[in-house]
Amino acid sequence: MVSSGCKLPDLYCQALGFDHPVISSMLTPMKEQMPNVIRLPYGKAPILFFQAPSWRRLLKLMARLSATRMEPTLEALAVAKHELKLRTVIQFVKVHHSSPDWRAVLYFTTDMPLPSSVQTPHKYTNGDVSVLPFSYTLSPLPALLRDGPEASMAKYYVIPSTLTTPYPSLPINFPDLAMYLQSAVQDSRRASSDSSSGMRKLAQYIDSCFPCDAETAAAIDDDSTPRKGVGGIFKRVIGRSKGPKGNRVNEEIYDLVTPFVADEWG
């Protein structure tokens, strides 16, 4: 369920909704209204998706949507009786088998506790980035997720809960959600030398699917006026890491937050 909001004619987004994403080579400006409120149900319900032409553009679009937030439905609040968390799956999909272009898709559900009837609870609680959350098993999967985590045309990554990146609570606005996603990328880059963990796969997918992102970042910002400073959470993130990998993390974070107005964020 979504509530209407503002138009963003200069930004690109393929689709947002509870139906199934359609992958296309066509890139068109976003014409429909971006909702101010997206309400996530609890339990058996369609999976929300959000699609954009690339990972960087997806994050930058979300970072600009300060008026858009996700929140539980009233029914979800009445049924759950506890703090509701967001479960996120990231997928990269090739537009065509002969094309070098990929699309970035996010999937969202409200987290569900495991019922006692689940025979293999460890499957859903061990942080495996290739196992879809239990909440994703309650409804028919979008077709793009059915081929598994590492198919030739599509790859997905289930964001695990870590000390630095726990599951976010609902409600959450899109700029904070963008920072959550970027924090998951940082976790993945820090795990780049850990062959025993699948966490490094997210950074590998991003680098292999979108190798030109670093070159196109400036083009994405063509319609943005440089602003001085960043506030709140973004000040705390910039400069946190040291060394070559830390520099890369800082560059990614800086590129993400540059569209923000300092006064708006303190």
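A few notes on this one:
- Furthest towards positive pole of dipole, LEU74, ALA52, GLN91, structure part region 38-144, Cβ charges: ALA52
- For a label point 7 Å along the Cα-to-beta-carbon line of THR125, residues of region 141-164 with backbone N under 19 Å: 159-163
- Max-minus-min Cα coordinates of region 85-132 on each principal axis give 45, 20, 16 Å, with the largest extent listed first.
- Label-point separation, HIS97 to ALA67 (7 Å along Cα→Cβ), nm: 4.5
- Pairs exceeding 25 Å between alpha-carbon atoms, taken from LYS60/LYS85; LYS44/LYS201; LYS60/LYS94; LYS123/LYS201; LYS94/LYS123: LYS44/LYS201; LYS94/LYS123.
- Placing dummy labels 7 Å off each Cα toward the beta-carbon, the span from ALA78 to ASN173 is 2.9 nm.
- Nearest-0.05 FRET efficiency for SER139 and SER192, computed from C-beta distance (R0 51 Å): 0.90
- Protein heavy-atom accessible surface, 1.4 Å probe, per residue over region 133-187: 36 Å².
- Relative contact order computed over region 6-147 (Cα-Cα under 8 Å; 6+ residues apart), in percent: 27
- Placing a label point 7 Å from the Cα of SER117 along the Cα-to-Cβ direction, none of the residues of region 33-69 has a backbone N under 12 Å of that point.
- When a 1.4 Å probe is rolled over the protein heavy atoms, the share of accessible surface on region 113-175 that falls to carbon and sulfur comes to 56 percent.
- Extending 7 Å from the Cα toward the beta-carbon at both ASP207 and MET26 defines two label points whose distance is 3.6 nm.
The values are calculated or read from the model by the stated rules, or taken from the named source; none is laboratory data. Not measured: the values here are computed from a predicted model. Virtual Cβ from ideal backbone geometry, glycine too; neighbours counted across all protein chains shown. The protein model used for the area step is the full one, side chains on, heavy atoms only, and it has no ligands, DNA or RNA in it. Shrake-Rupley method; radii C 1.70, N 1.55, O 1.52, S 1.80 Å.
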